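Peer 1: This is the structure I have questions about; it appears just below.
The values are calculated or read from the model by the stated rules, or taken from the named source; none is laboratory data. These numbers were taken from a predicted model, which means no experiment stands behind them. Cβ: placed from backbone, ideal geometry, glycine included. Neighbour counts: every protein chain shown. Just the protein is used for accessible areas: all its heavy atoms, side chains included, with ligands, DNA and RNA removed. Shrake-Rupley method; radii C 1.70, N 1.55, O 1.52, S 1.80 Å.
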Amino acid sequence: MPPGFDALQRQHLDALESAYAEVLARHQLDGVLLYSGHPRRHFADDQEANFAAFGHFQHWTGQAGLARSWLLICPGQVSRLKVHAPRDFWHLPARLPDEAWVGRFEIILSDDDAPPVLPKGRFAVLGDVSQACLDDVSVVYQPEALQADLDELRVRKSEYEVACLREANRCAMTGHHAARQAFLAGDSELDIQLAYLGASRQREAALPYSSIVGVNTHGGVLHYQHYDTAPPETCHSLLMDAGQRYRGYCADITRTWSGPDADPAFRPLVNGVRALQKQLVAALRPGISFIDLHQQMHDGLTELLVEQGVITCSVVHAQASGLTRAFCPHGLGHLLGLQVHDVAGRRSADGLPLLPPSADPALRLTRELEAGMVVTIEPGVYIIPQLIEPYRDSGDIDASVVQRLACHGGIRIEDNVLVTRQGPDNLTSTTTETE
Ligand code: GLY
Ligand code: MN
Ligand code: MN
């Protein structure tokens with residue numbers, strides 16, 4: 001464990017207790033019961049899907065894997081955690097970590113997963129739970145306004161949360177370095193993924209999201225979900241988007257590498273996206289609109305694609321027509337925390353919806369930046385035939401350059417950055433990375 005984590009976690013919990021007390025008083029509640037959730041069974045089967053606990057449950061415990069457990073928060077009283085830990089010779093019962101939070105909760109290890117009996121008062125229940133579970137008229141189920149207010153508590157990270165995110169990044173980067181070596185050695189997508197998991201010391205089910213391991217054209221499939229088991233015959237490129245959890249907190253990192261068979265047009269494009277990504281990171285500070293920064297990404301991509309001869313019309317014309325949306329259909333980034341796409345990215349601090357611009361429906365963060373937010377910055381350029389096809393005969397792109405780039409799929413560079421009043425604090429190690 002990195003030094004100082006226990007003290008930071010205590011401070012985090014102190015602040016969380018005060019914040020919950022204020023929110024619950026505002027909602028005229030005596031407490032809130034948070035259910036961690038449970039894995040889903042495959043239909044007509046006895047096998048279960050991977051599981052991640054409810055984010056608000058994790059906000060207190062950091063336990064992404066603790067299923068069927070209940071946490072009761074009543075301001076002014078010791079919080080109570082009922083852990084589902086049946087004595088069962090098929091499985092190892094749930095274990096609790098050696099962390100500061102364990103000492104300040106009243107913890108019951110239970111054979112059953114039923115909700116705890118609630119004291120007298122008015123309580124809300126949040127989590128993946130059916131109303132039938134707690135048949136009590138004094139219980140309010142899933143009140144949206146409460147959930148929105150608790151979501152807001154996760155938007156600005158505590159010092160403890162930042163330390164966890166930094167550690168998740170450090171561990172994930174060991175995996176990325178190993179993945180790059182595996183790619184350069186000519187390994188298959190599956191072997192690159194195994195190298196990533198091995199070096200970052202994690203099992204696949206514990207990842208915060210399924211790794212995207214796109215060799216060659218697969219890098220252009222935004223959420224590419226397979227792992228080829230055969231090594232590629234030619235090595236043009238690798239786009240690897242892979243993360244890690246530390247005490248629940250997620251790293252979300254993408255790297256793109258050229259291979260020995262890369263076209264000479266590809267490497268400068270990778271370097272250009274990397275340079276643009278650094279510029280966008282450097283621009284992060286409180287008060288900036290993320291929508292404006294997203295537009296800056298498109299402006300930068302336009303300049304890069306014109307400079308590299310991919311776009312043949314003028315910068316002004318390309319900007320006016322929004323042409324780069326065909327090369328980068330996703331958003332610049334999103335909030336990051338206990339969920340890889342963390343909560344409340346499209347709401348103002350007082351709960352009003354903030355819709356993305358109509359040209360950017362995939363943008364997940366539409367707020368103004370504030371100190372304490374952790375965001376991803378992930379510009380990309382992809383050759384996605386479905387999106388580029390309408391421009392083929394427009395005279396605005398060089399179809400032969402696009403054709404040469406197509407076998408490389410795409411480029412994305414993604415780091416995780418803390419916004420501070422003093423400037424950006426990049427949590428992803430970026431030293432000595434050049435093509
Ligand atoms: N890994 C998912 C994302 O970058 O948003
Ligand atoms: Mn991301
Ligand atoms: Mn990602």
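Peer 1: If we keep just the residues of segment 12-41 that are under 21 Å from S130 (Cβ atoms) and more than 25 Å from the chain's Cα centre (by Cα), which is surrounded by the most Cβ atoms within 10 Å (Cβ to Cβ)? If you could, list the steps in order and put the result at the bottom.
Peer 2: Start the filter on segment 12-41 by keeping residues that are under 21 Å from S130 (Cβ atoms), which leaves 29, 31-41.
Add one more test, that the residue is more than 25 Å from the chain's Cα centre (by Cα), and what stays is 29, 31-33.
Numbers: L29: 20, G31: 20, V32: 25, L33: 22.
It comes out as V32.
Peer 1: Now a separate question. Inspect all residues belonging to segment 253-271 and state whether any of them is farther than 12 Å from I411 by Cα and surrounded by 23 or more Cβ atoms within 10 Å (Cβ to Cβ).
Peer 2: The answer is yes; a qualifying residue exists.
Peer 1: Next question, about the same structure. Can you find a residue in segment 301-311 that is open to solvent by less than 10 Å² (accessible area, probe 1.4 Å) and within 16 Å of ligand 3 (Cβ to nearest atom)?
Peer 2: From segment 301-311, those open to solvent by less than 10 Å² (accessible area, probe 1.4 Å) are 301-302, 305, 310-311; that's our starting set.
Of the ones still in play, those that are also within 16 Å of ligand 3 (Cβ to nearest atom) are none.
Scanning segment 301-311 turns up no residue that is open to solvent by less than 10 Å² (accessible area, probe 1.4 Å) and within 16 Å of ligand 3 (Cβ to nearest atom).
Peer 1: If you don't mind, another one. A178 - would you say it is closer than 30 Å to D30 by Cβ, in a helix (DSSP H, G or I) and open to solvent by 20 Å² or more (accessible area, probe 1.4 Å)?
Peer 2: Working: closer than 30 Å to D30 by Cβ: no; in a helix (DSSP H, G or I): yes; open to solvent by 20 Å² or more (accessible area, probe 1.4 Å): yes.
In short, no.
Peer 1: Could you tell me which of the residues A168, A124 is surrounded by 17 or more Cβ atoms within 10 Å (Cβ to Cβ) and either at pLDDT below 95 or assigned to a strand (DSSP E or B) (or both)?
Peer 2: A124
Peer 1: Residues that are touching a helix residue (DSSP H, G or I) at 6+ places or on another chain (Cβ under 9 Å) and over 21 Å from C164 (Cβ atoms): does segment 56-73 have at least one?
Peer 2: The answer is yes; a qualifying residue exists.
Peer 1: On to the next question. For D261, state whether it is away from ligand 1 (no atom under 15 Å from the Cβ) and either within 30 Å of P39 (Cα to Cα) or assigned to a strand (DSSP E or B) (or both). Please lay out each step first, then the result.
Peer 2: Numbers: away from ligand 1 (no atom under 15 Å from the Cβ): yes; either within 30 Å of P39 (Cα to Cα) or assigned to a strand (DSSP E or B) (or both): no.
No, not satisfied.
Peer 1: For residues that are over 25 Å from A168 (Cβ atoms), open to solvent by 40 Å² or more (accessible area, probe 1.4 Å) and among the small types (G, A, S), tally how many sit in segment 183-221.
Peer 2: Looking only at that region, the number is 1.
Peer 1: Of the residues that make up segment 393-410, is at least one under 17 Å from M297 (Cα atoms) and either touching a residue at least 24 places away in the same chain (Cβ under 8 Å) or within 16 Å of ligand 1 (Cβ to nearest atom) (or both)?
Peer 2: yes
Peer 1: Right, here's the next one. Among the candidates R201, R285, R245, which residue alone is of a type in the set (K, R) and within 16 Å of ligand 3 (Cβ to nearest atom)? Don't jump to the end; show me each part of the working.
Peer 2: On the way: R201 fails: within 16 Å of ligand 3 (Cβ to nearest atom); R285 fails: within 16 Å of ligand 3 (Cβ to nearest atom).
Unique residue meeting the criteria: R245.
Peer 1: Then there is this: Only one residue in G345, G380, G331 is touching a strand residue (DSSP E or B) at 6+ places or on another chain (Cβ under 6 Å), closer than 24 Å to G272 by Cα and either within 15 Å of ligand 2 (Cβ to nearest atom) or of a type in the set (K, R) (or both). Which one? Working first, answer last.
Peer 2: Numbers: G345 fails: closer than 24 Å to G272 by Cα; G331 fails: touching a strand residue (DSSP E or B) at 6+ places or on another chain (Cβ under 6 Å).
Answer to the check: G380.
Peer 1: So which of P75, P93 is in contact with a Leu (Cβ under 9 Å, 6 or more places away or on another chain), open to solvent by 30 Å² or more (accessible area, probe 1.4 Å) and free of Cβ contacts under 8 Å to residues at least 24 places away in the same chain?
Peer 2: Just a single option satisfies the conditions, and that option is P93.
Peer 1: To continue, here is another question. Quick one: would you say Y249 is within 15 Å of ligand 2 (Cβ to nearest atom), free of Cβ contacts under 8 Å to residues at least 24 places away in the same chain and open to solvent by less than 30 Å² (accessible area, probe 1.4 Å)? Outline the logic, then answer.
Peer 2: Values: within 15 Å of ligand 2 (Cβ to nearest atom): yes; free of Cβ contacts under 8 Å to residues at least 24 places away in the same chain: no; open to solvent by less than 30 Å² (accessible area, probe 1.4 Å): yes.
So Y249 fails the test.
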